[in-house]
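Notes follow once the structure below has been shown.
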Amino acid sequence: MPTMTNSFDAVYRRSIDDPRGFWGAAAAAVHWFTPWDSVLDDSEAPFYRWFAGGETNVCYNAVDRHVENGRGAQAAFIHDSPVTDSQQTVTYADLQARVARFAGVLAAHGVGLGDRVIIYMPMLPEAAVAMLACARIGAIHSVVFGGFAANELAVRIDDAQPKVIVAASCGIEPGRVVEYKPLLDAAIARAEHQPSACIILQRPQARAGLIKGRDFDWREAAAAASDADCVPVAATEPLYILYTSGTTGAPKGVVRDTGGGIVALQWSMPNIYNMAPGEVFWTASDVGWVVGHSYIVYAPLLNGNTSIMFEGKPVGTPDPGVFWRIISEHKVKSLFTAPTAFRAIKKEDPNGEYLKKYDTSCLESLFLAGERTDPDTLRWAQNKLGVPVIDHWWQTETGWAICANCLGIEQLPVKEGSPTKPAPGWRLAALDSAGREVKAGDIGALVAKLPLPPGTFPTLWNARQRYFDSYLKTFPGHYETGDAGYIDADGYVFVMSRTDDVINVAGHRLSTGAIEEVLASHPDVAECAVMGVADALKGELPLGCLVLSAGVERAHADIAAEAVQLVRERIGPVAAFKSAVVVARLPKTRSGKILRGTMKKIADGEAWNMPATIDDPAILDEITAALQTVGYAQE
Ligand code: COA
Ligand code: AMP
């Protein structure tokens with residue numbers, strides 16, 4: 001039972017009243033080569049730096065110190081891969097050896113402190129080995145999700161300017177092998193920046209052809225290299241860059257710093273997730289997303305846990321019982337995934353028949369994030385699993401939860417549809433457009449008062465001004481989350497929607513603006529609008545409305561199909577862009593702004609009001625009729 005001094009309220013209060021004392025104490029849980037000069041450097045506010053002057057090494061904290069402390073024989077990763085019908089356990093000692101050697105491979109290719117390395121790999125232990133190897137020698141990794149197409153990879157290559165790219169020959173999706181090497185070659189051909197080397201992990205499902213002089217086989221390179229040791233890295237140096245969707249086609253390179261990053265993640269494991277060293281944690285996501293960076297790789301290892309690395313899907317690999325099999329087989333204490341995964345399982349196995357086949361009594365909690373947990377999914381998961389189901393809210397930018405029910409501190413009552421209260425370190429408010437706090441229960445822009453706690457992004461890669469303009473400018477003294485919602489009278493936060501044109505598809509964040517840029521490049525398309533329409537499985541799906549150039553007389557269905565293909569080629573299958581419809585005109589305000597919100601409501605079959613500023617109301621009838629032809633705008 002929490003006492004007065006360790007109740008959630010008391011811990012939260014301490015974090016707000018004395019952030020330096022609070023996070024300074026938390027930082028004692030990691031090893032420092034050099035102690036910091038100041039816990040929080042606010043000399044360049046609103047740009048803040050945590051643990052300035054300190055030196056540490058993330059890999060040392062995540063791997064080596066556990067081996068030194070007697071955890072060498074414990075599993076660091078269990079790779080469970082139903083798509084290849086294989087399993088592999090990597091102990092902390094194995095991991096140390098593999099990471100030290102791969103760090104040596106990178107060093108042999110000239111990679112050192114501050115150099116960038118792009119990692120384009122599926123869910124394999126080697127992806128984590130490559131990440132940790134970068135951290136070991138102070139290089140900055142940037143993992144690119146495998147579901148992105150060559151063009152997206154090229155954009156990231158040009159922005160991050162990696163010395164080396166590490167890739168696997170292929171990824172495995174149910175029913176098909178996705179060859180990564182042709183995508184990588186196409187991306188490098190398209191990019192202006194050229195890496196000096198590519199290191200390729202050959203998988204038996206599709207071996208890649210290597211380009212002599214540029215491409216190197218992972219295993220051969222590892223056999224020829226020597227080990228590299230951990231180097232001290234300044235706390236304020238980047239650990240990684242992770243690109244995420246912005247409002248334009250140019251993704252934002254979110255930077256995670258070394259010192260703040262590990263202090264926050266280490267702190268979160270016992271306090272938010274209630275995990276003790278030695279226990280088994282499973283995040284069913286992908287290393288290509290922030291959730292994977294934080295909770296497949298770094299946080300569980302920092303805390304000395306065993307982390308499950310799952311290469312499969314919640315359904316179809318082979319059935320909707322795979323989550324329960326993994327929980328029972330590997331004795332998972334806590335599972336973290338996106339609500340969409342549970343919706344997929346619930347759809348195929350509504351009565352939980354598969355659950356009955358396994359003993360999942362080891363599971364103590366389920367954490368959900370990536371999108372709002374809808375009350376139906378919450379209740380289903382609670383009823384079926386009989387454990388606390390915790391919705392928590394966070395973003396690529398924040399690296400860890402903004403709001404959570406901190407199980408390791410004190411379990412607070414759950415309110416459906418709410419990720420509970422701001423986590424320690426976070427001061428939230430809902431503001432109106434003039435920057436005034438709205439009343440409890442009223443919707444506003446959700447913002448966090450500066451400084452943000454450690455572990456959050458100190459900047460965007462090579463884009464300090466964009467960082468300021470995108471996040472700090474609108475509400476001075478605050479970080480603008482880009483989410484709208486309300487805070488109730490008990491201090492519970494409800495995150496309702498984005499305030500920008502970002503949509504959330506199966507827990508993945510996509511920019512409708514970026515999809516529009518691709519559609520607009522189709523030679524027959526004069527104008528277009530993309531919106532996120534409701535989907536029972538993925539939460540939202542992108543839907544495109546196309547206005548054709550004058551004189552185009554080709555079949556509309558052909559153009560729509562080409563548009564779908566174009567998005568798949570340029571952004572990738574992860575965009576899940578499957579529907580486009582040709583319309584005569586787009587509804588606009590008198591000042592020419594496209595009324596995407598009204599179109600979305602029409603598509604979703606929701607009640608909508610005629611916008612007062614609309615240029616020509618008759619267009620909405622045309623739009624309704626067009627959307628009905630592709631199955632939307634039903635009564
Ligand atoms: N490499 C290549 N292609 C990939 C890929 C990868 N790493 N990951 C996904 N894709 C492809 C899929 O094969 C699919 O292609 P398709 O259009 O040919 O079918 C497309 O990208 C969309 O993938 P996905 O969103 O995974 O949809 P799905 O229909 O295959 O599966 C769910 C639906 C709900 C089962 C799936 O989205 C899921 O497991 N989600 C979990 C949520 C999650 O991990 N969120 C991360 C943030 S926490
Ligand atoms: P990403 O940066 O890809 O993790 O996406 C972050 C965005 O996903 C947030 O800004 C929210 O819009 C949404 N999101 C993530 N978790 C939640 C949650 N628990 N509740 C509501 N929205 C969420």
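The values are calculated or read from the model by the stated rules, or taken from the named source; none is laboratory data. Note that this is a predicted model, so its numbers are computed, not measured. Because the Cβ atoms are built from the backbone with ideal geometry, glycine has one as well, and the counts that use them run over all protein chains shown. Please note that ligands, DNA and RNA were not included when accessible areas were found on the heavy atoms of the full protein model with its side chains. Shrake-Rupley method; radii C 1.70, N 1.55, O 1.52, S 1.80 Å.
Residues of the range 333-378 being β-branched (Val, Ile, Thr), more than 10 Å from ligand 1 (Cβ to nearest atom) and in a helix (DSSP H, G or I), which ones?
THR377
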Fill in the blank from the handout: Cβ pairs under 8 Å, 6+ apart or interchain, first in the range 286-306 and over 15 Å from ALA338 (Cβ atoms) and among the aromatic types (Phe, Trp, Tyr), second more than 10 Å from ligand 1 (Cβ to nearest atom) and open to solvent by 10 Å² or more (accessible area, probe 1.4 Å), ordered by first then second residue, are TYR298/LEU265
Exercise for the section: Tell me which of these HIS293 doesn't satisfy, since it passes every other one: (1) more than 18 Å from ILE118 (Cβ to Cβ); (2) assigned to a helix (DSSP H, G or I); (3) open to solvent by less than 10 Å² (accessible area, probe 1.4 Å); (4) within 16 Å of ligand 1 (Cβ to nearest atom). Expected result: (1)
Handout entry: Looking only at the range 483-501, and only at residues there that are closer than 22 Å to PRO251 by Cα and in contact with a Ser or Thr (Cβ under 6 Å, 6 or more places away or on another chain), the one that is farthest from ligand 2 (Cβ to nearest atom)
Key = ASP501
Practice task
Please indicate, with yes or no, whether at least one residue in the range 212-226 is of a type in the set (A, V, I, L, M), at pLDDT 95 or above, in a strand (DSSP E or B) and more than 27 Å from the chain's Cα centre (by Cα).
Solution key: no
Completion exercise
When ARG190 is run through (1) under 19 Å from ASP80 (Cα atoms); (2) touching a helix residue (DSSP H, G or I) at 6+ places or on another chain (Cβ under 7 Å); (3) surrounded by fewer than 23 Cβ atoms within 10 Å (Cβ to Cβ), the failure sits at (1)
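Residues checked against (1) under 17 Å from ALA341 (Cα atoms); (2) in contact with a helix residue (DSSP H, G or I) (Cβ under 6 Å, 6 or more places away or on another chain); (3) within 16 Å of ligand 2 (Cβ to nearest atom):
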{"residue": "LYS356", "(1), (2), (3)": "no, no, no"}
{"residue": "THR360", "(1), (2), (3)": "no, yes, no"}
{"residue": "ASP376", "(1), (2), (3)": "yes, no, yes"}
{"residue": "ILE390", "(1), (2), (3)": "yes, no, yes"}
{"residue": "ILE402", "(1), (2), (3)": "no, no, yes"}
{"residue": "LYS415", "(1), (2), (3)": "no, no, yes"}
Fill in the blank from the handout: The condition of being touching a residue at least 12 places away in the same chain (Cβ under 8 Å) and surrounded by fewer than 18 Cβ atoms within 10 Å (Cβ to Cβ) holds, among PHE47, PHE51, only for PHE47
Handout entry: Those residues of the range 147-156 which are touching an Asp or Glu at 6+ places or on another chain (Cβ under 9 Å) and within 16 Å of ligand 2 (Cβ to nearest atom), in sequence order
Key = GLY147
Handout entry: Hey, GLY352 out of contact with any Phe, Trp or Tyr (no Cβ under 7 Å at 6 or more places or on another chain) and open to solvent by less than 10 Å² (accessible area, probe 1.4 Å) or not
Key = yes
Problem - Test: residue in the range 510-520 that is closer than 30 Å to VAL315 by Cα, within 16 Å of ligand 2 (Cβ to nearest atom) and open to solvent by 20 Å² or more (accessible area, probe 1.4 Å) - result: no
